[in-house]
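The structure appears below as structure tokens.
The values are calculated or read from the model by the stated rules, or taken from the named source; none is laboratory data. These figures come from a predicted structure and were not determined experimentally. Ideal geometry is used to build each Cβ from the backbone, glycine not excepted, and the neighbour counts take in all protein chains shown. In case anyone asks, the SASA skips ligands and DNA or RNA and just uses the protein heavy atoms, side chains included. Shrake-Rupley method; radii C 1.70, N 1.55, O 1.52, S 1.80 Å.
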Amino acid sequence: MALAIRFALFGCTNRPFFHIVVMEKRRAQRSGKIKEMIGSYDPMPNQDNQKLVAVDFQKLQKWLGFGAVPTKHVAELLGLGGFYPIHPMSYIKAKRKRKLMEKQPADMQAKEETQETAAIQVNEDTQPDSTEDASQ
Amino acid sequence: MAASMKCAWARCLSTILLNSTKHRCQISQPLYASCSNISGDSGNDEIIFRKGEGGTDQTGQEAGLADDTKKHRRDPGKAFTDVRVQKILLRLTGLDLDKVYEYRAAKGAGVAKVALMSDQQLKKVYESASYKALRKLQMPPVLGAREPIDEVLSEDPELEGLNTSKLVFIDISQRVPLKKRTIVVREPNGTLRKASWEERDVTLQKYFPQSGRKIGLPRMFQQDNLECMLDDGKHEYILNRACSQFEIDDPEYIRVTQRTYEHIHSNGKFEDLRSTRHFGPMIFYFTYYKKIDKLLVAFLEEESLEDSVDLVKLYHIVHPSCKSAEKVASMPDPTPLEIIGAFAEMDATQKSLVQQAIQTYEKECDSTDSTQLRR
């Protein structure tokens, strides 16, 4: 039983929307076996160029107490929000993007971001993570 | 608890009804009789009014509520919440049941019921209606504009380039008051800061919507549209909507309400707001910013001496260091006209106008002869 705090992709074609949920790590995200929903993340910026993230921090802390482990991308997001320290991958991604920006024009930046969304989708499907221990 | 609240409301009522014959309060006699065992100046007004800081201190000197120092000028809230100020504003507002229970085309507005009742039942219904009306007359507080939020939690320039948009984080934990909810923003340049007031209002409305509020500024409150609405005479509607749309200390709320009050002032339509919850804040606004001349003249023309004296007394409470306040304090037992006269002579900006109004009033009094004796 690997209890995880992870993204569950909802929304529709060309319009992703993530719920931040507590469920088993290796379950299909739309199987309906979500233990609790504790937030949301909208990866598409709104009119004010904001990406909205809502997290019920009380519930998050409760589930962390029960032994739930955030996935990479959730941990990154929480790091950006100030709940966790900034994830090393955030620094690495930022550096890579800056390097790209120096070489290529601005539309590559947007392409990178859609690729990142796709990466989150792929990760949150049933893909075992070799670096993390299956927690008891 | 219920009994003590009812006592407090009854005291509130008796304060209004004391001099309210001018405001066409039809039920004053029987209702006042039921409140008559409660004295008007009891000391337990904290139940309704928060005790302000404007009382006399140990040395007997009145703390300046609206001194001409910048500090007080920025925060009318202290003066507004003073017990004495609240009492006077309540008295001036009055209670006109017809106006308070006027039919409004709104959601939930029901059809009026017609019933056959005995005199006792009627009396009870009037009482409960008056208590409910008092709730409708609760004044939205007048506060200074809120200080902008300017707190940076962390600077991480190494995150530059990660995102081209801002990330807004809101805490949606249960049972947290709206004002205490944490909302932070991670900028594209890597700075993590607390969200500004405008960002807060918009984000809170998205996740915790309040009825009657729109996200962003409604077009009605844009300057040109506001002027159109004011010219149409929709003062009460504007003020009501401003109350539901904005927070009380929002600079936009202050702009809209003050513009509305100024428009009323230039057109002299003070009576439009009488017996509504906005009358008190309007009177307070004029008193705080020393613009009561036209108002005073309007009250005198109506021949309501009580209102005029209340207004001048309010002015003296809010500006205790003014010349007429000192003069009146030195008088042994000033009559209402003397108080108003002192104000007109020493502190009125349009001295001749006010003095003329006093003279007209005195002439009217001499001709009728009963109004002056009553006071």
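The set of residues in region A:79-134 that are modelled with pLDDT under 80 and outside any helix (DSSP H, G or I) comprises A:Pro105, A:Ala106, A:Asp125, A:Thr126, A:Gln127, A:Pro128, A:Asp129, A:Ser130, A:Thr131, A:Glu132, A:Asp133, A:Ala134.
B:Cys365 meets the conditions (1) open to solvent by 80 Å² or more (accessible area, probe 1.4 Å); (2) over 23 Å from B:Ala79 (Cβ atoms); (3) in a helix (DSSP H, G or I) in every case but one. The failed one is (1). Taken over region B:226-249, the criterion of being outside any loop (DSSP other than H, G, I, E, B), open to solvent by 60 Å² or more (accessible area, probe 1.4 Å) and not hydrophobic (A, V, I, L, M, F, W, C) is satisfied by B:Asp231, B:Tyr237.
Number of residues in region B:66-86 that are modelled with pLDDT of 50 or more and either in contact with a Lys or Arg (Cβ under 8 Å, 6 or more places away or on another chain) or crowded, with 21+ Cβ neighbours inside 10 Å (or both): the value is 8.
Being of a type in the set (S, T, N, Q) and under 39 Å from the mean Cα position of the chain (by Cα) is the filter; apply it to region B:138-195 and report the residue that is nearest to the other protein chains (Cβ to nearest Cβ). Per the criteria, the residue is B:Ser173.
Return yes or no: is B:Ser118 over 25 Å from B:Leu239 (Cα atoms), polar (S, T, N, Q) and either in contact with a Ser or Thr (Cβ under 9 Å, 6 or more places away or on another chain) or without any contact (Cβ under 8 Å) to a residue 12 or more places away in the chain (or both)? Walk me through it before giving the result.
Details: over 25 Å from B:Leu239 (Cα atoms): yes; polar (S, T, N, Q): yes; either in contact with a Ser or Thr (Cβ under 9 Å, 6 or more places away or on another chain) or without any contact (Cβ under 8 Å) to a residue 12 or more places away in the chain (or both): yes.
For B:Ser118, the condition - over 25 Å from B:Leu239 (Cα atoms), polar (S, T, N, Q) and either in contact with a Ser or Thr (Cβ under 9 Å, 6 or more places away or on another chain) or without any contact (Cβ under 8 Å) to a residue 12 or more places away in the chain (or both) - is met.
Scanning for something buried (at least 18 other Cβ atoms within 10 Å of the Cβ) and part of a loop (DSSP other than H, G, I, E, B), does region B:250-262 turn up at least one residue? Checking region B:250-262: at least one residue is buried (at least 18 other Cβ atoms within 10 Å of the Cβ) and part of a loop (DSSP other than H, G, I, E, B).
Condition first: outside any strand (DSSP E or B) and buried (at least 18 other Cβ atoms within 10 Å of the Cβ). Now tell me which residues in region A:57-74 satisfy that. The answer is A:Phe57, A:Lys59, A:Leu60, A:Trp63, A:Ala68, A:Thr71, A:His73, A:Val74.
Here's the yes/no breakdown for (1) open to solvent by less than 10 Å² (accessible area, probe 1.4 Å); (2) in a loop (DSSP other than H, G, I, E, B):
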{"position": "B:Ile283", "(1), (2)": "yes, no"}
{"position": "B:Glu306", "(1), (2)": "no, no"}
{"position": "B:Leu314", "(1), (2)": "yes, no"}
{"position": "B:Ser321", "(1), (2)": "no, yes"}
{"position": "B:Val328", "(1), (2)": "no, no"}
{"position": "B:Leu337", "(1), (2)": "no, no"}
{"position": "B:Ile340", "(1), (2)": "yes, no"}
{"position": "B:Phe343", "(1), (2)": "yes, no"}
{"position": "B:Thr349", "(1), (2)": "no, yes"}
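Among the residues in region A:54-76, are any of a type in the set (Phe, Trp, Tyr) and either free of Cβ contacts under 8 Å to residues at least 12 places away in the same chain or facing chain B (nearest Cβ under 8 Å) (or both)? Looking through region A:54-76, at least one residue is of a type in the set (Phe, Trp, Tyr) and either free of Cβ contacts under 8 Å to residues at least 12 places away in the same chain or facing chain B (nearest Cβ under 8 Å) (or both). Residues in region B:288-295: is at least one on the phi < 0 side of the Ramachandran plot, touching a residue at least 60 places away in the same chain (Cβ under 8 Å) and surrounded by fewer than 22 Cβ atoms within 10 Å (Cβ to Cβ)? Scanning region B:288-295, I find at least one residue that is on the phi < 0 side of the Ramachandran plot, touching a residue at least 60 places away in the same chain (Cβ under 8 Å) and surrounded by fewer than 22 Cβ atoms within 10 Å (Cβ to Cβ), so the answer is yes. Here region A:22-50 is the region considered, the condition is being away from chain B (no Cβ under 14 Å) and of a type in the set (Val, Ile, Thr), and the residue that is least open to solvent (accessible area, probe 1.4 Å) is A:Val22.
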